[in-house]
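A.B. asks: This is the structure I want to talk about, given as structure tokens.
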Amino acid sequence: MQPPEKLLRYYGMHSGIYDATRWTFLFGRQRLLRELGLSDPPERILEVGCGTGVNLLTLGRLFPQAQLLGMDASGRMLERARRRLGPLSSRVTLREAYYHSPLRLQPAPDLICFSYCLSMVNPGWDRVIEAAAADLAPHGAIAVVDFHASSHPWFRRWMAWNHVRLEGHLLPALAAHFATTSLKVESAYAGLWRYFLFVGRARSRPEPGHVLPVSHRTSVRIPLSGCSV
């Protein structure tokens, strides 16, 4: 399975302005990493759709002993990630690849992260979630921040034109494959759209048909200390 050519062109064109523009609407990325609430620091971290390496740099500083693997289908985005991650090069591996099936890494990653990635994998987002469930270590955690839904049809159409599916389809699948430990659904720009921050644990097998309530979920947050970014 290969990434759509139009998606690669999109990120090729946007790679030069990505970091300067995405802060205006990709909310919650740093918050997710700072509020993971992990009882033990991860030793092997995989980020799928790592882009220009912003999250990997934060993860590398939060977890100075961890080995980091970043995957992205866009070589142009990875060029920028390599420059950004130079100080961490001894423990960072970047791979230009489209994640659609399990990597079967040994040892398996004990933290897998997705940041505004799954909503852009259309079709195939469900296969990506299944692959992550297969790749995650038995004691591991998954962390996802992404678009959730919008009640405005015109905005959903606009986002679809920009390769983003905004239909509330991701959370039920994540809840079926992972045991939820934290979930927050937030509103952006006076309710124009909603985005979510999800942290889950590996479970033995998915539960078909399991639907997670997203409106009244509470969670305990355990802040990580020593964050410098």
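A.B. asks: How charged is the neighbourhood of Phe155? Take every other residue with its Cβ under 15 Å from the Cβ of Phe155, and add Lys/Arg as +1 and Asp/Glu as -1.
C.D. replies: Once all neighbours under 15 Å are counted, the net charge is +3.
A.B. asks: Restricting the count to DSSP beta bridges whose residues both fall in the range 5-202, what percent are antiparallel, rounded to a multiple of 5?
C.D. replies: 50
A.B. asks: Let me ask something additional. What base-10 log of the normalised intensity I(q)/I(0) is obtained for the range 5-202 from the Debye formula, alpha carbons as equal point scatterers, at q = 0.10, 0.19 Å⁻¹?
C.D. replies: For the range 5-202, the Cα-only Debye profile gives -0.38, -1.53.
A.B. asks: Quick one: dipole size for the range 5-202, taken about the Cα centre, charges +1 on Lys/Arg Cβ and -1 on Asp/Glu Cβ, in debye to the nearest 20.
C.D. replies: 500
A.B. asks: Please state the relative contact order of the range 5-202 as a whole percent: Cα pairs under 8 Å, 6+ residues apart?
C.D. replies: The normalised contact order for the range 5-202 reaches 19 percent.
A.B. asks: Enter the Cα centre distance for the pair the range 113-180 and the range 26-62, rounded to the nearest angstrom.
C.D. replies: 17
A.B. asks: I'd like the trypsin sites (Lys or Arg not before Pro) in the range 86-121 restricted to DSSP loop residues with at most 13 other Cβ atoms within 10 Å, sorted by number.
C.D. replies: Arg104
A.B. asks: Compare the Cα positions of Tyr99, Phe27, Val128 along the charge dipole of the range 5-202 (+1 at Cβ of Lys, Arg; -1 at Cβ of Asp, Glu; about the Cα centre) and return the one farthest towards the positive end.
C.D. replies: The Cα lying farthest towards the positive end belongs to Phe27.
A.B. asks: Still on this structure, please answer the following. If each of Asn162 and Arg127 carries a label point 7 Å out from its Cα toward its Cβ, how far apart are those two points in nm?
C.D. replies: 2.6
Readers should treat all values here as calculations from the given coordinates under stated rules, not as data from a laboratory. All values derive from a computational prediction rather than experimental measurement. All Cβ positions, even for glycine, are placed from backbone atoms using ideal geometry, and neighbour counts span all protein chains on display.
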